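Q: The structure that follows is given in the form of structure tokens.
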Amino acid sequence: MIDIQNVSKSFVLQNQGSAVISVIEGGNLKVAAGECVGLIGASGSGKSTLMRMIYGNYLTQSGVIKVGDLDVANAAPREIINLRRKVLGYVSQFLRVVPRVATLDVVAEPMLQIGVSKNEAYDKARSLLWRLSIPETLWGLSPMTFSGGEQQRVNIARGFANDYPAMLLDEPTASLDGENKENVLSLIEEAKARGTAIVGIFHDEAARDRVCDRQVDVTKFTPIKTA
Amino acid sequence: MTPLLEVKRISKMYGSRIGCSNVGFDLYPGEVLGIVGESGSGKSTVLNCLAGHLEADTGSVVFDTRVDGPKDTFTMSEPERRMLGRTDWAFVHQHARDGLRMGVSAGGNVGERLMAVGARHFGDIRQQAIDWLGRVEIPENRIDDRPTTFSGGMQQRLQIARNLVTGPRLVFMDEPTGGLDVSVQARLLDLLRELVRELGLSAIIVTHDLAVVRLLADRLMVMKDGHVVETGLTDQVLDDPQHEYTQLLVSSVLQV
């Protein structure tokens, strides 16, 4: 489902003497349908960078990143937008929403976007929020006022609203307590059972061992730093 | 799929000064394009050339019309272009009073655009006006009040209702949330997003507010000194800017 071949990424800081920071070189990764691959490596080794390259919000200098039939590394913006709506889901570490929009609407939006009926979308949004133990009294409020853990769960509910064939999870269980972590892990397991290909970053080892079929250390893609 | 709007090599000079130079892009149905840049970068010049408010020196703007398919709006006859401006196109001005008739009631402002496309039944027009005022959250009992009695945020929402009542397919917006306080801005952003989704509108939004484009625009075009310096997917341009100027712009935003 996801097939990454020989990708490289560097940042050029134009305003700081055109400093070039090379982050990834010769990156390769294959993820089959129903498989979950955990990215590991020290902080700063390029886990999130690789994830963002797959999602298309970081440009890729060279190589191929196939998600389904589309090569994200060389796709037009319009193709990537379409991919994100229907094929590729992403749960980021932080929730980004229009201020003052109710939680229920935030969760239903990705479904409405692809033409799911209002009834169906809101039913599913309610069941996800209920499952992630967001109290019903909060559904009508904007998630911007919520605690960190609650925001994270709203973000997850939104991310799992559509059944995407591929998903990227950036620390989905960070800042969650035992029971909520359990709920999120079971959502991930169900997605895998449906055949979703997942790339995830989990700092929590127990969580990683439970849902990941294998682990890839991104440090091996890190170029040797010369001073 | 045919693009809704095909813009090719638009240039506009103000005497010897560059307004905009060699601007081109395709806009597809349902897509929202943001144009950002500092004041004087040429973003409003581009918008006004596209909408036909300014005559570009060179270039072409081809719009996929409902009846005749793709047509160049620069070479179109004046009546044809005016018809387009009343039906398939809408223009939301930064200052609501530029887009509203201040001496006419709120209902009249909305109804006027309907009458311009041939509506004549008073009851229907009023009903549609009430319907649209409701959608932009203006209470029905304000329908006979003039926009001069409205707050800035209400005026802006009235302008949007007036523009969208005829079901346009393309909306030009010049700093639609500029000059509004943040709480009103948020509500307007939510409204615009919902309308874009429900009506399948395409829109071109000019703004200097990066937070606004992140929430509204699918694609982004960054302008400086009349030139387009960078284009791409909105979050890609904001998260991984390539051009020197975009990097400066993105890193200059104050964090709240």
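None of the figures in this text is laboratory data; all of them are computed from the coordinates on show. As the structure is a computational prediction, the values presented were derived from the model and not from experiment. All Cβ positions, even for glycine, are placed from backbone atoms using ideal geometry, and neighbour counts span all protein chains on display.
Q: Determine the gain in length on full extension of the stretch A:Ala42-A:Arg96; use 0.36 nm per residue of separation and subtract their C-alpha separation, reporting nm with one decimal. Let's see the in-between values first.
A: On the way: separation 54, 0.36 × 54 = 19.44 nm, distance 2.59 nm.
Additional length available on full extension: 16.8 nm.
Q: Given points 7 Å out from each Cα along the Cα-Cβ axis, report the A:Lys30 to B:Arg9 separation in nanometres with one decimal.
A: Going from the A:Lys30 label point to the B:Arg9 one covers 4.7 nm.
Q: Compute, for region A:66-161, the length of the dipole vector about the Cα centre, with Cβ point charges of +1 (Lys, Arg) and -1 (Asp, Glu) only. Units Debye, rounded to 20.
A: Dipole size: approximately 60 debye.
Q: Further, regarding this structure: Measure nothing but the geometry: give the 0 to 90° angle between the long axis through the Cα atoms of A:148-159 and the longest principal axis through the Cα atoms of chain A, rounded to 10°.
A: 90
Q: I've got another one for you. Where nothing but the Cβ of Lys and Arg (+1) and of Asp and Glu (-1) is charged, how large is the charge dipole of the protein assembly as shown around its Cα centre, in debye to the nearest 20?
A: So the dipole magnitude of the protein assembly as shown works out to roughly 540 debye.
Q: Next question, about the same structure. Obtain the nm distance between the two label points defined at B:Ser183 and A:Glu182 by a simple spin-label model: each point lies 7 Å from its Cα along the Cα-to-C-beta direction.
A: 4.2
Q: Enumerate the aspartates and glutamates that B:Lys8 could reach by cross-link, defined here as Cα to Cα under 15 Å, with residues fewer than 8 away along the same chain left out.
A: Output for B:Lys8: B:Asp26, B:Glu55, B:Asp57, B:Asp64, B:Asp72.
Q: To continue, here is another question. For region A:115-130, what does the Karplus curve 6.51 cos²θ - 1.76 cosθ + 1.60, with θ = phi - 60°, yield as ³J(HN,Hα) per residue in whole Hz, taken in order and with x for Gly and Pro?
A: In residue order, the calculated couplings are x, 5, 5, 4, 4, 5, 4, 6, 4, 5, 4, 4, 5, 5, 5, 5 Hz.
Q: With labels modelled as points extended 7 Å from the Cα through the Cβ direction, what inter-label distance (nm, one decimal) is found for A:Ala174 paired with A:Ile21?
A: For the pair A:Ala174/A:Ile21, the computed spacing is 1.6 nm.
Q: Can you put A:Lys86, A:Lys181, A:Lys47 in order, fewest other beta carbons within 10 Å first?
A: Exposure proxy ranking, most exposed first: A:Lys86, A:Lys181, A:Lys47.
Q: Can you tell me the FRET efficiency between B:Arg82 and B:Arg120 if r is taken as the Cβ-Cβ distance and R0 is 22 Å, rounded to the nearest 0.05? Walk me through the numbers before you get to the answer.
A: On the way: r = 19 Å, r/R0 = 0.88.
Result of the calculation: an efficiency of 0.70.
Q: Between their Cα atoms, which of A:Lys9/B:Lys224; A:Lys47/B:Lys43; B:Lys12/B:Lys71; A:Lys66/B:Lys71; A:Lys220/B:Lys224 are more than 32 Å away from each other?
A: Beyond 32 Å between Cα atoms: A:Lys47/B:Lys43; A:Lys66/B:Lys71; A:Lys220/B:Lys224.
Q: Apply the a/c threshold of 1.5 to the C-alpha gyration tensor of region A:36-104 and tell me whether it is rounded, prolate or oblate.
A: Because a/c hits 1.5 or more and a/b fails to exceed b/c, region A:36-104 counts as oblate.
Q: Net charge near A:Phe202: determine it from the other residues with C-beta under 11 Å of the C-beta of A:Phe202, scoring Lys and Arg +1 and Asp and Glu -1. Can you show the working numbers first?
A: Values: positive: A:Lys47, A:Lys181, A:Arg208, A:Arg210; negative: A:Asp170, A:Glu171, A:Asp204, A:Glu205, A:Asp209.
Every neighbour counted, the sum reads -1.
Q: For chain B, set up a GNM with springs between Cα atoms under 10 Å and report which of B:Pro139, B:Pro70, B:Pro168 has the largest fluctuation.
A: B:Pro139
Q: If you don't mind, another one. Take the alpha-carbon centre of region A:159-220, take the same for region A:79-128, and report the distance between them in whole Å.
A: Rounded to whole Å, the Cα centres lie 19 Å apart.
Q: Hey, another quick one. Per residue of region B:219-227, what does 6.51 cos²θ - 1.76 cosθ + 1.60 with θ = phi - 60° give for ³J(HN,Hα)? Whole Hz please, x for Gly and Pro, Karplus curve as stated.
A: Per-residue couplings from phi come out as 10, 9, 10, 9, 10, 8, 6, x, 10 Hz.
Q: What FRET efficiency comes out for the pair B:Ile130/B:His243, r = Cβ-Cβ distance, R0 = 60 Å, nearest 0.05?
A: Working: r = 48 Å, r/R0 = 0.80.
Between B:Ile130 and B:His243 the formula returns 0.80.
Q: Also: How big is the charge dipole of region A:85-225 about its Cα centre, in debye rounded to the nearest 20, if each Lys and Arg gets +1 on its Cβ and each Asp and Glu gets -1 on its Cβ?
A: On the way: 18 positive and 19 negative charges, 104 e Å.
Roughly 500 debye, rounded to the nearest 20.
Q: Using Cα pairs closer than 8 Å and at least 6 residues apart in sequence, work out the relative contact order for chain A, in percent.
A: Details: 409 pairs, mean separation 68.5, N = 227.
Taking the mean separation of contacting Cα pairs over the length of chain A, I get 30 percent.
Q: If you count the DSSP beta bridges with both ends in chain A, what percent of them are antiparallel, to the nearest 5?
A: Among the beta bridges of chain A, antiparallel pairing accounts for roughly 50 percent.
Q: Nearest 0.05, what FRET efficiency do A:Arg194 and B:Glu137 give at R0 = 45 Å with Cβ-Cβ as r?
A: 0.70
Q: Take chain B, connect every pair of alpha-carbon atoms lying under 10 Å apart with a spring to form a Gaussian network, then pick out the residue of B:Met154, B:Met83, B:Met173 with the largest mean-square fluctuation.
A: With Cα springs under 10 Å in chain B, the top fluctuation among B:Met154, B:Met83, B:Met173 is at B:Met83.
Q: Which whole-Hz couplings ³J(HN,Hα) result when phi for each residue of region A:40-50 is put into the Karplus expression 6.51 cos²θ - 1.76 cosθ + 1.60, θ = phi - 60°, listed in order with x for Gly and Pro?
A: 10, x, 4, 4, x, 7, x, 5, 5, 4, 4
Q: Put +1 on the Cβ of each Lys and Arg and -1 on the Cβ of each Asp and Glu in the protein assembly as shown; which of A:Asn6, B:Leu47, A:Ile201 then has its Cα farthest toward the positive end of the dipole?
A: Projecting each Cα onto the dipole axis, the largest value belongs to B:Leu47.
Q: Could you tell me which of rounded, prolate or oblate describes region A:1-158, using a ≥ b ≥ c as the square roots of the eigenvalues of the alpha-carbon gyration tensor, with rounded for a/c under 1.5 and, failing that, prolate when a/b is larger than b/c and oblate otherwise?
A: prolate
Q: By the gyration tensor of its Cα atoms, with a ≥ b ≥ c the square roots of the eigenvalues, what is the shape of region A:1-80: rounded for a/c under 1.5, prolate for a/b over b/c, or oblate?
A: Oblate shape, in that a/c is at least 1.5 and b/c is the bigger or equal ratio.
Q: Right, next: Relative contact order for chain B: what is it in percent, counting Cα pairs under 8 Å that are at least 6 residues apart?
A: 26
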